[in-house]
Amino acid sequence: MVREESIESFYTRLRDSALASASTSPLLVFPSTSDVDSLCALKIMGHVLESDSVRYACYPVSSFKEIYKYTGDNLGPAADEPITILLINWGCQRDLKKVLEIGPLARVFVVDSHRPVHLHNLSDQNDRVIVLYTRDDEQQADLAYDFDVSALANASDLNIDGDDFEDEESDSESENDDIEREEEEDRDGMRKKRRRASSDPVKLFGKLKREYYYMGTFHGKPSGCLMYELSHFLRKNTNALLWLACVALTDQFVHERLTDERYQAGVMELEQHINSSGNLDSTTSVTLKDGTKVTAPNSSRIAYEYEPRLMLLQEWNLFDSMLCSSYIATKMKTWSDNGIMKMQFLLGRMGFAREECKQKFQYMSIEIKRQMKDKFERFLPEFGLTDFYYRGFLLLHGYSSRVSAADVVYGVTALLESFEESDGSCASSQFGEAYDALSLTKLDKLETGMRQAIKIQRSILRQGSAAITKKGSIRSGSKFRWVKLEDSADTKLLCHPQALTKFGYFLMDALREKGARMKPLICVCYTQERSKVLIVAICGKPRLGAVQGNAFGVAFRSSAEETGAEFFHELFESSWIVLDAVAVNLFMIRLTQKLL
């Protein structure tokens, strides 16, 4: 069984394989540099491995091709020594046995929140790739299948030549056409059609495979949360690891990779862990020099409460956080004079002086801080802001130091994308900076990332307002809209996948508030080379009951190929691609034709 349906058995196989190959090579761990969830999972897994005395080496990667720099020929069929590698938050969407040319002595373990998983990676016939794929988690995913994915994966030998993730649309087109003809012949309903399809296993396989991949890409449970469950099962969990799980879940929430319902379910699960850990009231008695005894927290502790949708409030000030945060900016149009006046009127209604609101938050009046939640809940509904608070996590130390999980995500993501090449590769030193920023003892690095995140958010507001107000900036087609960023100063901050995706969500929210019909949005931004552009596709926030995720991956690659221009489609999100700048217009024409 290659598909491991329990976290415990997955880790047992990983540990045994790593120990068996330890004499020739340590366990090679390749985390994705694309998201904070990957770092959280890496830190938790590192803690578990070290407690079991498993040797490992870590090499952060940003694209599929980077792994070859570290493995060489050791993964291939010519290798004469066993090797074990672990991929964190990447790989499951591609046929790894084929792409990495995995030999008989190599074992590749995958912990990845990206969906769908390539069927070859789930097949029982593939004993070289072991994917963590728990049935309970898949049933709770935002998009669910109405057929047995395991059975479909194991039936892949029925159509071996055509079973490829990227070519699935063209490969299964003929089978789908046959089934459609059968449906036309049967006007009485679906029963006869299903019987006919079932009578031909190859046609049935083609139909189900097409349905499986047609749903597009989406995300499953955060890898950081899965790894915390592992540490909890092995009784190796600590409050520091629990905090990383909170950050991992918040990473998906902040970057809009999961529905509100699944986020709430994840929050409730982590709240149970927080309550059972007993850290909420973790205090100790301290005796001062004069003999006075006082109670004080003995360590950092995790709390959960309703937080405002104000970005980096603890590091910023109330006025600018409200001005630039996507939630308030798009609803009140704070880029306009009327929007700023409306926001100032709101602050006046709450009784908050503008000068006080422009002070750094930690220096604001304690009285205002105490009144904030009550005032916001009282007056915001008058301005149409009805879901301003969400359930979030805080890390508290002492009585004054507090940092929210959302702010950690903003700061660490900004660090990850501070130094990135045009092909998406990230300097390993910068990955180390982001990794350290997650540590409870290196808040100075986190603060550096938060300041960078503030710069990025300001540029999102500037470029977003320009695109909204300047006629013709956002071009609209029948299936999608697209926008191209030209400003050289802001493109230096927004030419990274996560930053450009945040810009896209800002635009989609602003268009929704204007009453525009919702369509997918494609954002184009020059890279630092200026001869290349980064293109990302955004389909909107996942919602309960949706039938499709982001389906632009296959169309991106085939459209880029037809332009004849040089492109790079090896990043870990299929809806991200790097293309020659001169080919953008032709790429959009080809993309429009494919989606008609």
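Pairwise inverse Cα distances across the chain, averaged and inverted, put the Kirkwood hydrodynamic radius at 25.7 Å.
Protein-only accessible surface at a 1.4 angstrom probe places the residues Asp35, Asp509, Asp136, Asp127 in the order Asp136, Asp127, Asp509, Asp35, largest first. A quarter of the convex hull surface defined by the alpha-carbon atoms of the range 437-596 gives 11.0 nm² as the mean projection. Largest accessible area first, the listed residues Glu433, Glu570, Glu529 line up as Glu529, Glu433, Glu570 when surface is computed with a 1.4 Å probe on the assembled protein chains. In terms of the mean number of neighbouring beta-carbon atoms within 10 Å, the peptides 332-339, 406-413 order highest first as 406-413, 332-339.
Counting only heavy atoms of the protein chains, get the accessible area per residue of the chain (1.4 Å probe) and round it to a whole Å² value. All intermediate terms of the calculation are to be shown ahead of the outcome.
On the way: 25920 Å² over 596 residues.
It amounts to 43 Å² per residue over the chain.
For the range 495-505, putting each phi into the Karplus relation 6.51 cos²θ - 1.76 cosθ + 1.60 with θ = phi - 60° gives couplings of 8, 10, x, 5, 5, 5, 5, 4, 4, x, 5 Hz, in residue order, rounded to whole numbers and with x for Gly and Pro.
When you filter the trypsin sites (Lys or Arg not before Pro) in the range 1-82 for DSSP loop state and at most 16 other Cβ atoms inside 10 Å of their Cβ, you are left with Arg55.
Rounded to the nearest 500, what is the 222 nm mean residue ellipticity of the chain from helices alone, with -39500 (n - 2.57) per DSSP H run of 4+ residues and division by all residues?
Rounded to the nearest 500, the figure is -14000 deg cm²/dmol.
Of the cross-linked pairs Lys209/Lys594; Lys373/Lys445; Lys97/Lys479; Lys98/Lys207; Lys514/Lys541; Lys97/Lys484, those separated by over 26 Å at the C-alpha level are Lys373/Lys445; Lys97/Lys479; Lys97/Lys484.
For the chain, the share of accessible area belonging to carbon and sulfur comes to 48 percent (1.4 Å probe, ligands and nucleic acids excluded). For the chain, the share of DSSP beta bridges that are antiparallel, to the nearest 5, is 60%. A DSSP coil position with no more than 13 other Cβ atoms inside 10 Å describes the following trypsin sites (Lys or Arg not before Pro) in the range 506-575: Lys514, Arg517, Arg530, Arg543.
Would you rank Ser401, Ser574 by solvent-accessible area, highest first, keeping every protein chain in place and using a 1.4 Å probe? Intermediate results must be reported in sequence, preceding the final value.
Numbers: Ser401 50, Ser574 30 Å².
Greatest to least solvent exposure: Ser401, Ser574.
Amide H contacts for Gln93 (H built 1.01 Å from N in the peptide plane; partners 5 or more residues away or on another chain; cut-off under 5 Å): His118. Every Cα-Cα pair of the range 310-387 was included, and the share exceeding 20 Å stands at 22 percent. The charge dipole of the chain, taken about its Cα centre with unit charges on the Cβ of Lys, Arg, Asp and Glu (plus for the first two, minus for the last two), comes to roughly 2560 debye.
The values are calculated or read from the model by the stated rules, or taken from the named source; none is laboratory data. No experiment lies behind these values; they were computed from the predicted model shown. Virtual Cβ from ideal backbone geometry, glycine too; neighbours counted across all protein chains shown. The protein model used for the area step is the full one, side chains on, heavy atoms only, and it has no ligands, DNA or RNA in it. Shrake-Rupley method; radii C 1.70, N 1.55, O 1.52, S 1.80 Å.
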